[in-house]
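J.: Sharing a structure here in structure tokens format.
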Amino acid sequence: MKHSKQEYYLNHEQWKYTKISYFKNYNSNYAIKNDPINKTCRSNEILLHNGEFINAGSEILKNKIVVCGINDALKNDNPNLNKNFNAVIPSIKDSFLNDNKKYFSKGYYLYIPNDLEIIEPIIINNISDKGDEKSFTNFRNFIFCDKNSKVKIINYDSSNISQCANIVNETFINDNSELEIINESYKPKTQQISNFSAKLNKNSRLILHALDFGGRLLKSNYYINLNQSGSECLFNGFNIAKSNHYIDNYIEILHNNKNTKSDLNYKIISTEKSKSILFAKAIIKKYSSNSEAYQNNHNLILSEQSTIHSNPQLEIYNDDVKCSHGSTTGQMDDDVIHYMRTRGININDAKKLILEGFLDDVIKNISKSVFTVKLIDNIKQCLKDI
């Protein structure tokens with residue numbers, strides 16, 4: 001029996017809360033035609049224009065990091081890319097993934113060579129100045145982090161234009177490597193579907209900071225595969241939703257081997273008429289003994305009209321594991337606000353201090369070398385009007 005697209009998505013956890021009808025009748029093969037851009041690239045910067053690779057700085061090239069447009073990389077018969085392209089992202093019957101595979105026209109390939117360790121982070125800066133409210137632009141990015149390397153990436157992906165995006169990010173982390181990524185996103189007028197997937201080899205580590213400062217409709221799916229012994233993932237993040245923002249994060253971490261570890265720490269602040277969703281699942285497979293999985297989620301709901309759905313889960317098929325999970329949702333403590341006001345702090349400053357303190361442990365998980373003044377300014381600015 002054939003099922004409609006709507007029926008299919010109703011039966012899948014990734015779309016438990018977000019209706020597929022939100023993206024009804026959208027054009028899937030839209031392609032942005034970029035005008036020339038004149039912008040100097042910083043030494044440690046990779047510059048994108050509406051998702052298309054433009055240039056890379058001198059330090060990137062000096063360290064023998066390979067970066068180019070995704071289409072150019074595929075044409076050049078790159079063995080690392082060709083072997084893993086479309087193999088990191090799950091092979092599930094998702095029409096948005098299929099549309100992306102069929103119609104992607106922009107994106108980048110980034111190769112981190114063996115034995116490279118750099119302290120200064122790589123900055124990926126995407127300048128968005130075009131888009132369409134009813135047409136998906138399909139972006140495709142691939143990061144291959146080779147053996148014994150240690151690299152940090154800051155991904156600035158913010159836009160204040162009306163647009164619709166369908167993004168697929170694949171990341172492969174080879175043996176004994178550590179990759180730290182901070183994704184900083186602010187898209188108040190964007191409707192976006194994003195799929196991020198990573199495969200981790202032996203003794204490799206992914207530290208992923210997903211920081212959403214708001215979006216008109218952001219649907220993000222994360223698939224983390226701890227494939228070999230000793231692989232580890234720290235998933236750290238928050239979203240701050242206000243106005244009519246809608247942010248839905250689905251996170252799936254698969255422990256596919258023994259001695260693997262995952263640690264999720266996520267915070268939500270939701271106010272006005274916004275809606276925020278966190279569906280997080282860690283699955284420990286039958287033969288994944290001596291593995292650890294931790295989930296920690298705390299949420300603040302600041303208005304009667306805002307909504308938060310929180311659903312952390314553990315699926316455990318092995319007895320020799322360490323696991324815990326917890327989730328709380330509440331409001332600001334009036335007693336704490338009163339105490340601060342009796343000490344001469346006005347009510348607006350008191351609330352701001354509480355909100356900054358609420359996000360403090362997420363912020364502390366970010367390495368000092370990638371934690372920027374710009375980031376803390378963005379957090380303070382975002383919390384100022386709540």
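The values are calculated or read from the model by the stated rules, or taken from the named source; none is laboratory data. All of these numbers come straight from a predicted model, not from anything done at the bench. Here Cβ is always computed from backbone atoms with ideal geometry, including for glycine, and neighbour counts include all displayed protein chains. The accessibility values were calculated without ligands, DNA or RNA, using every heavy atom of the protein model including side chains. Shrake-Rupley method; radii C 1.70, N 1.55, O 1.52, S 1.80 Å.
J.: I'm trying to understand the selection: among the residues of segment 266-277, which are buried (at least 19 other Cβ atoms within 10 Å of the Cβ), of a type outside the set (A, V, I, L, M) and either on the phi > 0 side of the Ramachandran plot or in contact with a helix residue (DSSP H, G or I) (Cβ under 7 Å, 6 or more places away or on another chain) (or both)?
T.: Correct list: Lys267 only.
J.: Residues that are of a type in the set (S, T, N, Q) and in a loop (DSSP other than H, G, I, E, B): does segment 272-281 have at least one?
T.: Yes, that holds for at least one residue.
J.: Shifting gears a bit: Of the conditions (1) over 21 Å from the mean Cα position of the chain (by Cα); (2) open to solvent by 20 Å² or more (accessible area, probe 1.4 Å); (3) at pLDDT 90 or above, Ala87 clears all except one; give me its number.
T.: (1)
J.: Restricting to segment 278-299, name every residue that is among the hydrophobic types (A, V, I, L, M, F, W, C) and surrounded by fewer than 23 Cβ atoms within 10 Å (Cβ to Cβ).
T.: Across segment 278-299, the qualifying residues are Phe279, Ile283.
J.: Of all the strands (runs of 3 or more DSSP E) wholly in segment 139-222, which have at least 1 residues that are open to solvent by 20 Å² or more (accessible area, probe 1.4 Å) and basic (Lys, Arg)?
T.: Correct list: 150-158, 178-200.
J.: What residue, of Leu218, Leu211, is modelled with pLDDT of 95 or more, within 14 Å of the chain's Cα centre (by Cα) and within 20 Å of Asn365 (Cα to Cα)?
T.: Step by step, each of Leu218, Leu211 is checked, and only Leu211 is modelled with pLDDT of 95 or more, within 14 Å of the chain's Cα centre (by Cα) and within 20 Å of Asn365 (Cα to Cα).
J.: Turning to a different aspect of this structure: Looking only at residues that are of a type in the set (Gly, Ala, Ser) and open to solvent by less than 40 Å² (accessible area, probe 1.4 Å) in segment 53-64, which one is nearest to Phe139 (Cα to Cα)?
T.: Here the answer is Ala56.
J.: Report the residue count in segment 360-371 for those that are in contact with a strand residue (DSSP E or B) (Cβ under 7 Å, 6 or more places away or on another chain) and within 16 Å of Ser185 (Cα to Cα).
T.: 3
J.: Additional query: Can you tell me which residues in segment 105-124 are within 19 Å of the chain's Cα centre (by Cα) and either open to solvent by 30 Å² or more (accessible area, probe 1.4 Å) or small (Gly, Ala, Ser) (or both)?
T.: Answer for segment 105-124, where residues must be within 19 Å of the chain's Cα centre (by Cα) and either open to solvent by 30 Å² or more (accessible area, probe 1.4 Å) or small (Gly, Ala, Ser) (or both): just Gly107.
J.: Determine the pairs where a residue that is within 21 Å of Ala241 (Cβ to Cβ), located within segment 358-386, has a partner that is part of a loop (DSSP other than H, G, I, E, B) with Cβ atoms under 6 Å apart, the partner being 6 or more residues away or on another chain.
T.: Within 6 Å, the pairs are Ile386/Thr271.
J.: Oh, and also: If you check every pair at least six apart or on different chains, which have Cβ atoms under 6 Å apart with a residue in segment 109-127 that is at positive phi first and a residue that is open to solvent by 30 Å² or more (accessible area, probe 1.4 Å) and outside any strand (DSSP E or B) second?
T.: Asp115/Asn148
J.: Among the residues of segment 22-64, count how many are farther than 25 Å from Asn114 by Cβ, in a loop (DSSP other than H, G, I, E, B) and of a type in the set (Ser, Thr, Tyr).
T.: 2
J.: Mind checking which helices (runs of 4 or more DSSP H) fall wholly inside segment 325-386 and carry at least 2 residues that are surrounded by 15 or more Cβ atoms within 10 Å (Cβ to Cβ) and on the phi > 0 side of the Ramachandran plot?
T.: none
J.: Could I ask something else about it? Look through segment 91-134, keep the residues that are out of contact with any strand residue (DSSP E or B) (no Cβ under 9 Å at 6 or more places or on another chain) and among the charged types (D, E, K, R), and return whichever of them is modelled with the lowest pLDDT.
T.: For segment 91-134, the residue satisfying everything is Lys93.
J.: Might you let me know whether segment 65-84 holds any residue that is touching a residue at least 60 places away in the same chain (Cβ under 8 Å), farther than 22 Å from Asn155 by Cα and open to solvent by 80 Å² or more (accessible area, probe 1.4 Å)?
T.: Among the residues of segment 65-84, not one is touching a residue at least 60 places away in the same chain (Cβ under 8 Å), farther than 22 Å from Asn155 by Cα and open to solvent by 80 Å² or more (accessible area, probe 1.4 Å), which makes the answer no.
J.: Identify, by number, the condition in (1) in contact with a Gly (Cβ under 9 Å, 6 or more places away or on another chain); (2) assigned to a strand (DSSP E or B); (3) not polar (S, T, N, Q) that Tyr111 doesn't meet.
T.: Among (1) in contact with a Gly (Cβ under 9 Å, 6 or more places away or on another chain); (2) assigned to a strand (DSSP E or B); (3) not polar (S, T, N, Q), the lone unmet condition for Tyr111 is (1).
J.: Could you list all residues from segment 238-264 that are open to solvent by less than 10 Å² (accessible area, probe 1.4 Å) and among the acidic types (Asp, Glu)?
T.: Result: Asp248, single match.
J.: Between a first residue in segment 218-233 that is touching a residue at least 40 places away in the same chain (Cβ under 8 Å) and a second residue that is aromatic (Phe, Trp, Tyr) and assigned to a strand (DSSP E or B), which pairs have beta carbons less than 7 Å apart while being 6 or more apart in sequence or on different chains?
T.: From segment 218-233, the pairs are Asn221/Tyr250.
J.: Quick check on Asp319: is it open to solvent by 50 Å² or more (accessible area, probe 1.4 Å), assigned to a loop (DSSP other than H, G, I, E, B) and modelled with pLDDT of 90 or more?
T.: yes
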